[in-house]
Amino acid sequence: MPQLRRIEDRYLICISAVVFLVLFAAFGFLSKHPTVDVRDYYMYVRLMDDGQVPYLDFNPGYPPVSMLILSVPYLLSSDFSGYCVAFAAMTTVFFFLTGLVLIRTLRNCGIGRTAPVILYLIISAMFFSRGIWRFDIAVCLLTALSLMLFLEKHYFSATAIAFIGALTKIAPILLVAVFLIYAVKNRECRKPVLGCTVLFAAATSVAVGALALAGCDMSAVFSFLNSNMSRGFHKESTVALIAMIADALGGPAAHFEYANSTLNVVSPLIDGLSGVWPYVTACVMCIALAAVAYAIVRSGRPSDARSAAEDLCPSVLLLTVVLLLIFNVFSTSFILWLFALIPLCAALSDGRGFRMIAVSSVLMVWLSIAFLADGNYAVLLLRDICLAAIAVTASKSLFDRERIGRCGGRGCTVKQRKA
């Protein structure tokens with residue numbers, strides 16, 4: 001990681017606060033143009049306020065905890081304009097809290113905070129005008145908080161936070177999977193992680209059983225899962241991108257079709273994949289999980305928080321990027337899930353790796369904004385290439401042959417191997 005002039009943590013916190021206050025004033029408080037997503041959020045909360053039950057009377061398309069998050073601004077203001085300001089204030093706080101968690105995590109790992117925090121502020125500021133109107137930054141905050149607690153050896157709390165994140169948007173379930181893999185080689189965290197997982201599974205089973213005994217329509221209860229699994233290929237997904245590029249090059253014609261709250265791409269090239277793609281996605285994710293498990297288990301027992309972070313952070317980033325690139329639904333706001341992982345992985349890399357991740361992440365955000373502005377699919381292809389470059393660079397140390405070959409899982413640390 002490049003060595004910049006060290007700035008004390010309190011000054012970094014003050015700088016972050018000023019940056020996000022200015023951004024909130026410009027894009028939240030003074031803006032009169034919230035996205036259509038906020039109108040949908042407001043409609044869902046109004047339906048709940050009228051006595052309708054999510055997943056039974058209407059399908060919001062989001063997991064349960066997300067509905068609690070969307071309800072918070074409504075407690076402050078019930079009219080739409082007030083809800084928009086309150087929602088923007090809430091997401092701004094989430095951005096700021098993510099920065100605080102990032103600073104504390106880096107300090108616990110004994111890593112300089114200046115360069116990673118500056119990188120986080122840059123990509124956050126670039127995407128703020130879009131990210132402030134989506135609650136995906138809550139997923140980023142919960143992921144960062146879970147990793148911080150795990151590195152501080154609060155294993156049960158970390159796993160519980162990861163499950164809460166999965167009930168906000170499903171991606172943080174990958175964090176739980178990484179914790180379970182890590183527990184295979186680390187006896188210290190095995191019981192808390194497994195205990196929290198069993199407790200969550202039991203609580204879910206009891207809740208589902210109670211709903212079934214009460215006579216609820218279970219297909220309605222799990223409608224948010226069914227609606228996502230039954231979707232076509234979203235216009236920003238990798239497969240849809242291939243179909244659009246093939247159309248532009250004179251191949252099979254592709255067109256847009258609105259279904260299940262998603263603008264999908266329909267083409268003879270991909271029509272036959274819709275039914276089998278969930279299974280393809282599952283197979284690819286299993287292969288990625290197996291590779292991560294091999295690298296983590298063979299890396300040996302960690303000696304400190306930084307050694308643990310070198311296992312966990314690149315693994316979660318790699319799995320999340322693979323999911324984003326292979327899944328049939330990809331919204332630009334999903335890149336917010338990575339905003340804490342990117343600086344963490346950059347900080348754990350060497351100078352060249354830091355520069356590669358920093359440049360790729362800035363380009364990724366800039367290209368995402370450019371795509372939202374003009375819908376150019378060549379831009380989208382470059383964005384996906386940047387995502388892949390970030391994941392490959394961050395996971396380079398994870399799959400280093402010296403790291404997982406010489407050790408053989410017998411407990412040597414990175415410093416011991418270099419010595």
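Cross-link partners of K169 among aspartates and glutamates, defined as those whose alpha carbon lies under 20 angstrom from its own and excluding same-chain residues fewer than eight positions apart: D37, D40, D136, E236. A Cβ-based charge dipole, computed about the Cα centre of the chain with Lys and Arg at +1 and Asp and Glu at -1, lands at about 2080 debye.
The Rg/Rh ratio for region 123-218, using Cα coordinates for both the radius of gyration and the Kirkwood hydrodynamic radius, is 1.09. Stokes-Einstein diffusion of region 47-196 at 10 °C, 1.306 mPa s viscosity, Kirkwood radius from Cα pairs, rounded to a whole number: 94 µm²/s. For region 244-325, the fraction of alpha-carbon pairs lying more than 16 Å apart is 68 percent, rounded to a whole number. Each Lys and Arg contributes +1 and each Asp and Glu -1, all at the Cβ; summed about the Cα centre of region 7-133, the dipole is approximately 480 debye.
Each helix, a run of at least 4 DSSP H residues, gives -39500 (n - 2.57); summed and divided by the residues of the chain, these come to -22000 deg cm²/dmol at 222 nm.
Working note: Cα gyration tensor of the chain, eigenvalues times five, square-rooted, sorted largest first, giving semi-axes of 32, 26, 25 Å. The residues C345, C313, C14, C109, when put in order of fewest to most other Cβ atoms within 10 Å, stand as C14, C109, C313, C345. Any idea what % of Cα-Cα pairs in region 1-91 are farther than 16 Å? Tail of the P(r) past 16 Å holds 62 percent of the pairs. Tell me, which longest segment in the chain has none of the GluC sites (Glu not before Pro) that fall in DSSP loops with at most 16 further Cβ atoms within 10 Å? Result, exposed sites excluded: 153-419. List the DSSP H helices in the chain whose Cα atoms stretch 27 Å or more along the helix axis and whose mean Kyte-Doolittle hydropathy is at least 0.5. Flagged H segments are 80-108, 187-213, 277-298, 305-326, 351-374.
Each value in this text was obtained by applying a stated rule to the coordinates, not by laboratory testing. These numbers were taken from a predicted model, which means no experiment stands behind them. Positions of Cβ are generated from backbone atoms using ideal geometry, with glycine treated the same way; all protein chains shown enter the neighbour counts.
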